Structures are given as structure tokens and as C-alpha cells.
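Report on the following structure.
The values are calculated or read from the model by the stated rules, or taken from the named source; none is laboratory data. All values derive from a computational prediction rather than experimental measurement. Using ideal geometry, Cβ is built from the backbone for each residue, glycine included, and neighbour counts are taken over all protein chains shown.
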Amino acid sequence: MTLHELGTTIKTLRKEKKWSQDDLEQYSGITKRTISKIENGFIDEVGIKKVENILDLLGYEFALRPKGRPKTLEELQDAK
């Protein structure tokens, strides 16, 4: 997953919770400007703790898998 894809996913998850960027800023302590940059892929390097915090608030966590391996059935179903 690229940083741009991660940002798009975070944006989608935030909207599913019906949260604005202002809401996420209030809950996470991360500035709205940084949240916007993350969501729109305009940040080259972002602190992993910030992303972890945002994902935790949205009810998600990081998961690592070997690069290039086929997706699991669960991953394919989640992509729908």
C-alpha cells in the first residue's frame, strides 16, 4: 500500500464514521492540516505514531504481509 492509498483509505474510514477533519483533529490531537495532507497523499513522510493513532480512533490497525503474496480471502472480501 502506498502512502497515497493509505491516505485515501483513512479518508474513507473517517467519512464512514461521519467525522469531519475537525472531529478527527479534536479526537487525535493531530492538526487538520496534517490530516488533510495524509488523506490527500501530499506528505512524503508521516510519523507512524500519527497514522497508528488515527487508525486506532477509526477502529483499525496496521497489518503487515509479505510483498507480492496473493491476497487472502478476507482481504479480497474487505476490498469490496
Would you check which residues across the stretch 51-78 are part of a helix (DSSP H, G or I) and closer than 18 Å to Lys15 by Cα and list them?
-> Val51, Glu52, Asn53, Ile54, Leu55, Asp56, Leu57, Asp78
Which one of Ile10, Ile43, Ile35 is aliphatic (A, V, I, L, M), surrounded by 14 or more Cβ atoms within 10 Å (Cβ to Cβ) and more than 14 Å from Leu58 (Cα to Cα)?
-> Ile43
Looking at Gly41, is it modelled with pLDDT of 90 or more and of a type in the set (Gly, Ala, Ser)?
-> no
